[in-house]
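Read the figures in this text as sums done on the coordinates, not as results from a lab. Fair warning: this is a prediction, and the values are worked out from it, not measured in the lab. Glycine gets a Cβ as well: all are built from the backbone with ideal geometry, and neighbour counts include every protein chain shown.
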Ligand code: FAQ
């Protein structure tokens, strides 16, 4: 049974009143938010790596400038989200340590390699597309700082999705080899993109409680279905084939029926055994350790400047 404090808290949630950092909240609500916002922040930061891989090899100056801006946006998203997590009483250093030790996760999608330029198209189109599908409803999530961070993030993600689709448009209207590259990128990213929404509802550990607290606004399967419904016509427009023989429009339900991703592969990736897990985490740890002298320098300077102000 709910305590009087918990009942009052739930009544606020039910009345769609935002919870702010200094408000009372159940310990488990705080913990769930730190987990989800922290993982989300880590995903934005680790998510820079697969695309960063192509910045120096973009085919034109224009594409390079756009990709660079996109990758920088992801860094910004990570920073807003770390700030939102910090309002819950966890420090940036603690969050980083938990990422680097493997105690905290980041999205499974960023453990797949980006092998060709067409992958920049597929990542923008599918990965940012899936991210927006998940994040638009999160603008109404119950924790104020998280909801507000989502507003700008969603605007930027929608630019990212279009830049990805624009790359795909160029690839499919190029040479047969370029169109083939676009199809290959779709083949490799389709199921990993479907995995971004998390396990199916029957296997989701946190969904029920997170939905009751309006931390999550939709179930994993609801959002995955929405993504499929929206993306299939976009693939048709490109003249590409979704790599799923069972994909079919279902007149009765008004949805596409589709094949589930390989959930064993998903579990392996979450355990650290995806194609790029070690490389991604290794790159983040190297950057964190390599930047230590700089963080120390900034902190020493701030301390000196504070002393000077007092004197
Ligand atoms: N990868 O009980 P549930 C982006 C874990 S977008 C890894 O259903 P929940 C933009 C889950 O944490 C990507 N782990 O969990 C970008 C839990 O394990 P735990 C980031 C996953 O939290 C684009 C366990 O499985 N977006 O970065 C995944 O209720 C391009 C059981 O699952 C967000 O984080 C997964 N795919 O629902 C950047 C959105 N799925 O923690 C660069 C916010 C599940 O107990 C380039 N997050 N797990 O050890 C959410 O909406 C939710 O956390 C879900 C998972 C829907 C991801």
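Which residues, counting only those in the range 41-56, are free of Cβ contacts under 8 Å to residues at least 60 places away in the same chain and near the ligand (Cβ under 8 Å from one of its atoms)?
44, 48 - these are the residues of the range 41-56 that are free of Cβ contacts under 8 Å to residues at least 60 places away in the same chain and near the ligand (Cβ under 8 Å from one of its atoms).
Every residue in the range 57-89 that is within 11 Å of the ligand (Cβ to nearest atom) and under 30 Å from residue 6 (Cα atoms), please.
Once the filter is applied, which keeps residues that are within 11 Å of the ligand (Cβ to nearest atom) and under 30 Å from residue 6 (Cα atoms), the range 57-89 yields only 81.
Take the residues in the range 234-275 that are touching a strand residue (DSSP E or B) at 6+ places or on another chain (Cβ under 7 Å) and assigned to a loop (DSSP other than H, G, I, E, B); name whichever of them is farthest from residue 164 (Cα to Cα).
246
I'm trying to understand the selection: among the residues of the range 107-147, which are outside any helix (DSSP H, G or I), near the ligand (Cβ under 10 Å from one of its atoms) and within 23 Å of residue 271 (Cα to Cα)?
Residue satisfying the conditions is 107 alone.
Counting just the residues of the range 148-164 that are farther than 16 Å from residue 69 by Cα and touching a helix residue (DSSP H, G or I) at 6+ places or on another chain (Cβ under 7 Å), which one comes out surrounded by the most Cβ atoms within 10 Å (Cβ to Cβ)?
149
Has the range 218-228 got any residue that is in contact with a strand residue (DSSP E or B) (Cβ under 6 Å, 6 or more places away or on another chain) and more than 10 Å from the ligand (Cβ to nearest atom)?
Within the range 218-228 (the criterion being in contact with a strand residue (DSSP E or B) (Cβ under 6 Å, 6 or more places away or on another chain) and more than 10 Å from the ligand (Cβ to nearest atom)), the answer is yes, since at least one residue qualifies.
For the range 213-244, which positions are free of Cβ contacts under 8 Å to residues at least 24 places away in the same chain and within 23 Å of residue 178 (Cα to Cα)?
233, 236, 237
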